[in-house]
1. For segment 100-111, state whether one or more residues are surrounded by 13 or more Cβ atoms within 10 Å (Cβ to Cβ), modelled with pLDDT under 90 and of a type in the set (A, V, I, L, M).
2. Sort out which residues of segment 41-66 are at pLDDT 80 or above, within 14 Å of Ile30 (Cα to Cα), out of contact with any helix residue (DSSP H, G or I) (no Cβ under 8 Å at 6 or more places or on another chain) and of a type outside the set (Lys, Arg), and write them in order of number.
3. For segment 40-54, name all the residues that are farther than 19 Å from Ser75 by Cβ and either assigned to a strand (DSSP E or B) or free of Cβ contacts under 8 Å to residues at least 40 places away in the same chain (or both).
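The values are calculated or read from the model by the stated rules, or taken from the named source; none is laboratory data. In this text, all values refer to a predicted model and were calculated from it rather than measured experimentally. Don't worry about glycine lacking a Cβ; one is built from the backbone with ideal geometry, like all the others, and counts go over all protein chains shown.
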Amino acid sequence: MNSSVRILTKIVLLVGVILFLIWSNNSIVITEHNYKSNKIPSSFNGIKILQVSDLHNKSFGKNQEKIMKIIENISPDIILITGDLIDRRKYDLDSAENFIKKTVEIAPTYYSSGNHEAWSGK
């Protein structure tokens, strides 16, 4: 393999990795799990819990329309926000607070902070 082919291959791989990282850092990933256990009370049958984490102040449309529409369509009974709504380098508390206010309108919402909230020093 000559050097120009190797260089071209490396460039194509690098561009591919960069595009993948951009896509993965700006996409919404939804994973559904169904749990069954004798340890879970029967009163929890059919309860839908939505967990949201690691938004890092990302914008998903004006006023987070894209992610809010997805959350509304899932129609959860409970929403758990498990940290990193903000990014310590791009601190925007207003955006995070507005997101939480909107989730509360959909379902009872519970929040725990993540490492980026702790690292922000605020």
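1. yes
2. Within segment 41-66, Ile49, Gln51, Ser53 meet the criteria.
3. Ile40, Pro41, Ser42
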